[in-house]
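In what follows, a structure is listed as structure tokens, so that the remarks can point back to it.
The values are calculated or read from the model by the stated rules, or taken from the named source; none is laboratory data. This is a predicted model, so every value here is computed, not measured. Neighbour counts run over all protein chains shown; Cβ positions are idealised from the backbone, glycine included. Just so you know, the surface numbers come from the protein's heavy atoms only, side chains and all, with ligands and any DNA or RNA stripped out. Shrake-Rupley method; radii C 1.70, N 1.55, O 1.52, S 1.80 Å.
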Amino acid sequence: MKNIVLAVLMTLGSLPLWAQSNAAAGNANFEAERSRLAAERAAIEARFDKERAACYQKFAVEDCLRDSRQRRRAETDHIKRQESAINDIERQRRGAAELEKLDQKAATRRPQDTPEKQDEARKAQQDREQRAADHAQSRAATAAEAQERQRELEAKQKAHADEQAKAAQRRAEAPAAAERFESKQQKAAEHRASRERQNAERTKPRGAPLPAPPASPASAPSR
């Protein structure tokens, strides 16, 4: 019986804190938990519809839709794990109740039961408890692995989203960068042409001096 209690407590780790405290106290309202998870699932679907509509207004439509689908899948998987944990706890409790009945029955065993049969009954009960505990421990380990994979997926999604945002920014800035480059090239070409003209002016050969004008007749000497 102790193994069953331990298995139930391990399975509680997959539930939210509110459900853990109530379940540990033995008064968990599983129907309320299922209603809460159903409301969360509906909210996820509503948000996904809004995000999908917003994606069609963006430039990178497919990237936006892919990121939205990944978020929806991750959140839905988290809800499924919680639902599975609730189902496990209910199964464990039913199993514990059945084992309790067996304990009571063994305590009031018939007088004609032989010691060998009593030992067989105790061994069978221990085997059932161990199988139930092993199953619950396996489910708890699987839930822990799923949470670790979820964290790794979210990290990859964030890195991908950051890279997509940087790529979109580079694409948006590309026309302005090309225009600045062309303007810079044009100014450089104009500067070179101006410098070449100045150099040509400096190296141009000077023209020959004009001849002196002939002397005036009035200035000739008299005889």
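Just a few scattered comments:
- Picking from residues in the range 78-93 that are of a type in the set (D, E, K, R) and closer than 11 Å to A132 by Cα, the one that is least open to solvent (accessible area, probe 1.4 Å) is D88.
- Here the condition is being assigned to a helix (DSSP H, G or I) and closer than 30 Å to D77 by Cβ; of E163, E182, E190, it holds for E163 alone.
- Odd one out for A43 among (1) within 28 Å of the chain's Cα centre (by Cα); (2) surrounded by 12 or more Cβ atoms within 10 Å (Cβ to Cβ): (2)
- In the set (1) open to solvent by 80 Å² or more (accessible area, probe 1.4 Å); (2) closer than 25 Å to E31 by Cβ, the condition left unmet by L99 is number (1).
- Whenever a residue of the range 55-71 is touching a residue at least 12 places away in the same chain (Cβ under 8 Å), its partners that are open to solvent by 80 Å² or more (accessible area, probe 1.4 Å) and part of a loop (DSSP other than H, G, I, E, B), lying with C-beta atoms within less than 7 angstrom and at least six residues away or across chains, give the pairs C64/K58.
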